[in-house]
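S.K.: Below: one structure in structure tokens.
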Amino acid sequence: MAVGRRKRRKLGQHFLVDEGIADRIVEESGVKEGGRVLEVGPGRGVLTRRLIGKGAFVRAVELDRALHSELKEKLDKPGVCEIEWGNALKFDFDSIEAPFDIVSNLPYSVCVALIKMFFDHMDKIKSMTLMVQSEVAARLTAKAGDSAYGSLSVYTSYHCKTERLFTAPPTAFSPRPKVESAVISLKPLEKEPPVNISDKEAFFKFVMTCFAHRRKTIKNNLRDLWPDQGSFEQSLLSAGVEESERPQEISLDRFSALFKEWEKSSSG
């Protein structure tokens, strides 16, 4: 196997080769003439060309030097498309005029880290249309009570409206991944976050603690955080949470209520 191909597999790159799916991704994105698009991991440019064809300005960030050079030679054109070499996890979001859409077939190995980074810049983003592993798509779009629901689901629902659009089989890529992929839509919420949290970082650490042992009840996961059993039971009652419930049954608003109860118990 060539060194370049080994490197690309290490980066989690599976190039989209199905023309019909590429067309559908761009259509689902809603990108129009005059729009601005950030694309992460353009690979061989199958989405990039279509986005340019829509009349949008495209900023594409590619880490693989060979692919970057190839795309820069073929597609880079001032005012039309900029092909940038670099690690997208270090991308300067102030370097592209906002608002912009993100349309990408994300590298599997870093897709969750990239999406969390996108969430940190939601004030600049209009929408995200992303190809990810099907399992990750399920976690990102799951609702309370779904088997895939977890801390990532809660984190995502705090930041945006989610929708699973369609599934892509392994045959749509080269090299073929061992799993199915899915295209999802993530749209920043137009108003304030759905719950009012004083300390967002502390809240999501609290949620992750709730999911530390998925098969355990919320009581078994959290009771040691409270000063005593009585205050814990009162907090559950106030938040509308049953001690026998498991974390995957608890919605964002009830996690928020329970977190606020924990803050009060900790400060008291």
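S.K.: Please compute one quarter of the surface area of the Cα convex hull for the range 98-138 and express it in square nanometres.
M.R.: 2.8
S.K.: While we're here: When only Cα pairs under 8 Å and 6 or more residues apart are kept, what is the percent relative contact order across the chain?
M.R.: 15
S.K.: Please give the length that would be gained between Lys161 and Lys72 if that part of the chain were fully extended, namely 0.36 nm times their separation in residues minus their C-alpha to C-alpha distance (nm, one decimal).
M.R.: Value of the extension gain: 28.6 nm.
S.K.: Related question: How large is the dipole of the chain about the Cα centre if only Lys and Arg carry +1 and Asp and Glu carry -1, each at its Cβ, rounded to the nearest 20 debye?
M.R.: So the magnitude is around 1000 debye.
S.K.: Could you list the trypsin sites (Lys or Arg not before Pro) in the range 177-209 that lie in coil according to DSSP, counting only those with at most 15 other Cβ atoms within 10 Å of their Cβ?
M.R.: Passing sites in the range 177-209 are Lys178, Lys191.
S.K.: For the range 220-237, what does the Karplus curve 6.51 cos²θ - 1.76 cosθ + 1.60, with θ = phi - 60°, yield as ³J(HN,Hα) per residue in whole Hz, taken in order and with x for Gly and Pro?
M.R.: 5, 7, 10, 4, 6, 7, 9, x, 7, 4, x, 5, 5, 4, 5, 5, 4, 4
S.K.: Between the DSSP loop rule and a limit of at most 16 other Cβ atoms within 10 Å, which GluC sites (Glu not before Pro) in the range 69-160 are left?
M.R.: Passing sites in the range 69-160 are Glu97.
S.K.: Can you give the relative contact order of the range 200-267 as a percent, counting alpha carbon pairs under 8 Å and 6+ residues apart?
M.R.: For the range 200-267, the relative contact order is 36 percent.
S.K.: Taking a point 7 angstrom from the Cα of Glu243 along the C-beta vector, which residues in the range 205-226 have backbone N less than 14 Å away?
M.R.: 217-226
S.K.: Could you point to the label whose value was computed as volume of the Cα convex hull per residue in Å³ for the structure here, given [x] 136; [y] 119; [z] 171?
M.R.: Of the listed options [x] 136; [y] 119; [z] 171, [x] comes from this structure.
S.K.: Right, here's the next one. Could you tell me which of the pairs Lys116/Lys191; Lys54/Lys77; Lys191/Lys216; Lys143/Lys260; Lys143/Lys191 are separated by over 23 angstrom between their Cα atoms in the structure shown?
M.R.: Lys191/Lys216
S.K.: Would you mind listing how long the range 200-267 runs along its three principal axes, going by Cα atoms, in whole Å with the largest first?
M.R.: Sorted from largest, the Cα extents of the range 200-267 read 27, 26, 19 Å.
S.K.: Still on this structure, I have one more. Calculate, for Lys191 and Glu27, the FRET efficiency according to 1/(1 + (r/R0)^6) with r their C-beta to C-beta distance and R0 45 Å; round to the nearest 0.05.
M.R.: The value I calculate is 0.95.
S.K.: Right, here's the next one. Long-range amide H contacts for Ser181: which residues qualify at under 5 Å (H placed 1.01 Å from N, peptide plane, sequence gap of 5 or more or a different chain)?
M.R.: The list, which skips near neighbours in sequence, is Ser134, Ala168.
S.K.: How high is the relative contact order of the range 130-197, given as a whole-number percent (alpha carbon pairs under 8 Å, six or more residues apart)?
M.R.: Once normalised by length, the contact order is 37 percent.
S.K.: May I ask for the Rg/Rh ratio of the range 51-185, computed from Cα atoms with Rh as the Kirkwood radius, given to two decimals?
M.R.: For the range 51-185, the value is 0.97.
S.K.: Next up: Using only the Cα atoms, what convex hull volume per residue in Å³ does the range 127-268 have?
M.R.: In the range 127-268, the Cα hull volume divided by residue count equals 114 Å³.
S.K.: Using label points projected 7 Å from each Cα along Cα→Cβ, tell me how many nm separate Arg176 and Arg65, to one decimal.
M.R.: Calculated label separation equals 3.3 nm.
Taken together, the values in this text are just the output of simple stated rules run on the coordinates, not laboratory data. The structure presented is a predicted model; accordingly, all values stated were derived computationally and were not measured. Using ideal geometry, Cβ is built from the backbone for each residue, glycine included, and neighbour counts are taken over all protein chains shown.
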